[in-house]
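The values are calculated or read from the model by the stated rules, or taken from the named source; none is laboratory data. These figures come from a predicted structure and were not determined experimentally. Cβ atoms come from the backbone with ideal geometry, glycine included; neighbour counts cover every protein chain shown.
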Amino acid sequence: MIKHIVLWTLTDEAKKDGSKIITDLNKRFTALIGVVNGLTAIEVGQNYNGGRFDLALYCEFTTKDAQEKYQTHPAHLAIKETVHQLVCGRECIDYEI
């Protein structure tokens with residue numbers, strides 16, 4: 001199993017609509033289950049603990065190949081385009097268990 005975690009910092013403008021953005025992104029990312037082969041879990045959450053990052057994306061994939069295909073899947077790319085307009089910082093970690 002592959003775990004993919006992304007942390008984002010929202011732009012000041014996006015922070016004004018933080019809860020709306022979380023709801024929208026969660027809905028859009030969750031809709032990828034059953035569309036992207038090998039994606040078994042996905043969620044977006046808002047950081048309530050302070051620090052540099054405002055949002056976290058958590059995903060589970062069956063294999064590294066499934067994760068690689070997710071990265072170029074048109075449905076994911078459409079969401080990624082939206083995210084790029086909302087964030088000014090990003091960190092990512094992937095690991096296999």
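A few points about this structure:
- Test: residue in segment 28-51 that is touching a residue at least 60 places away in the same chain (Cβ under 8 Å), touching a Cys at 6+ places or on another chain (Cβ under 9 Å) and not small (Gly, Ala, Ser): no
- Among the residues examined, residue 48 does not qualify as of a type in the set (Phe, Trp, Tyr) and either at pLDDT 95 or above or under 12 Å from the mean Cα position of the chain (by Cα) (or both).
- Qualifying positions in segment 20-40 - farther than 19 Å from residue 81 by Cα and loosely packed, with under 13 Cβ neighbours inside 10 Å: 34
- Near pairs, Cβ below 7 angstrom, 6+ apart or cross-chain, from segment 60-71 (within 13 Å of residue 96 (Cα to Cα)) to any residue that is surrounded by 13 or more Cβ atoms within 10 Å (Cβ to Cβ) and of a type in the set (S, T, N, Q): 60/40; 61/40; 61/67; 62/40; 66/37
- Residues of segment 43-97 classified as in a helix (DSSP H, G or I), among the basic types (Lys, Arg) and within 25 Å of residue 20 (Cα to Cα), total: 1
- Qualifying residue in segment 26-40 (condition: within 22 Å of residue 96 (Cβ to Cβ), part of a strand (DSSP E or B) and in contact with a Ser or Thr (Cβ under 7 Å, 6 or more places away or on another chain)): yes
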